[in-house]
Amino acid sequence: MAELLRTHPLEAWTSALERLPDTVRITAEPFVAMVDVRLGAVGPEVRASLGVDLPTAPNTWVPAESGRAVWLGPDEWLLSSTAETPEELETRVRAAVLPLGGSATDVSAQRIGLRLSGPRARDVLAKGCSIDLHPRVFGRGSSAQTSVGQAGVVLLALPDSGDDFVVLVRSSFAGYLADWLLDAALEFTTTPDR
């Protein structure tokens, strides 16, 4: 039986992304396991079962043991893990939420992450994102389902300084978004002649 090899959807963009200066760094995050969780009520038993307090404030995320828990809606979260396979994460989360009337679905192949950092990262995103990205408004722990360029994304703010973000984009749009970000970053990566 032939083994299927998994290729990162942004492999062809790696060298172009690596050539960006420190003012705007864009890196493709490695594959992570992701599970979409649907659950009506969130109480202390969920924390005991999952090992993480699911964020209940809209448009927020929290660190989990080896990943993140992102609020997607009043009864929906995205859990990720760098330490478990997609099958392991789905099995563990499903076992925790099923007795509580919830569901868990493996969505690991659906999205890929791009990390933008550096002093001009917010400026690059602002060229194609309609939400206010100022750190006072979109600071550490904030998330949003929005668009960057024309691609639907889940955007996460990592520090309070406003210069480190993760953009989760559908794998089929990852190449488009990488091209768009490289183009948007041009203005902030060249020094004008004086």
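Structural remarks
- Nearest 10 degrees, 0 to 90: helix 86-97 Cα axis against the chain principal axis: 50 degrees
- Sum of side-chain charges, ALA69 neighbourhood, beta-carbon under 12 Å (Lys, Arg +1; Asp, Glu -1): -2
- Karplus-derived HN-Hα couplings along the stretch 161-173 (A = 6.51, B = -1.76, C = 1.60, θ = phi - 60°), whole Hz, x at Gly and Pro: 6, x, 10, 8, 9, 10, 10, 9, 10, 4, 3, 5, 9
- Under a 5 Å amide H cut-off, with hydrogens placed 1.01 Å from N, GLY67 pairs with THR82 among residues at least 5 apart or on other chains.
- Two-decimal log10 I(q)/I(0) for the stretch 126-194, as the Debye equation yields it once each C-alpha is a single scatterer, q = 0.24 Å⁻¹: -1.10
- Sequence of GLU76, GLU45, GLU187 when ordered by accessible area, the most exposed leading, probe 1.4 angstrom: GLU187, GLU45, GLU76
- Distance between the 7 Å Cα→Cβ label points at ARG19 and LEU186: 1.2 nm.
- For the residues SER130, SER143, SER49, a 1.4 Å probe over the protein chains yields an accessible-area ranking, largest first, of SER130, SER49, SER143.
- Around LEU39: net Lys/Arg minus Asp/Glu count, Cβ-Cβ under 14 Å: -2
- Taken over the Cα atoms of the stretch 1-112, the convex hull encloses 126 Å³ per residue.
- The residues packed around ALA12, meaning those with a beta-carbon under 13 Å from its beta-carbon, carry a net charge of -3 if Lys and Arg are +1 and Asp and Glu are -1.
- Sulfur and carbon atoms: percent of accessible area, the chain [1.4 Å]: 51 percent
- For the stretch 72-194, the equivalent ellipsoid built from the Cα gyration tensor has semi-axes of 32, 16, 12 Å, listed from largest to smallest.
- Per residue accessible area of the chain, 1.4 Å probe, in Å²: 52 Å²
- Ordering of 144-155, 81-92, 7-18 by burial proxy (mean other Cβ atoms within 10 Å per residue, highest first): 144-155, 81-92, 7-18
- If you bin all the Cα-Cα distances of the stretch 46-94 at 5 Å, starting from zero, the percentages per bin are 5, 23, 31, 27, 12, 3.
- log10 of Debye I(q)/I(0), alpha-carbon scatterers only, for the stretch 107-154 at 0.22, 0.28 Å⁻¹: -0.90, -1.32
- Debye log10 I(q)/I(0) at q = 0.13, 0.30 Å⁻¹ for the stretch 65-127, Cα point scatterers: -0.48, -1.38
- For the chain, the relative contact order comes to 23 percent (Cα pairs under 8 Å, sequence separation of at least 6).
The values are calculated or read from the model by the stated rules, or taken from the named source; none is laboratory data. Because the structure is predicted, anything quoted here is derived from the model rather than measured. Virtual Cβ from ideal backbone geometry, glycine too; neighbours counted across all protein chains shown. What goes into the accessible areas is simple: the full protein's heavy atoms, side chains included, and nothing from ligands, DNA or RNA. Shrake-Rupley method; radii C 1.70, N 1.55, O 1.52, S 1.80 Å.
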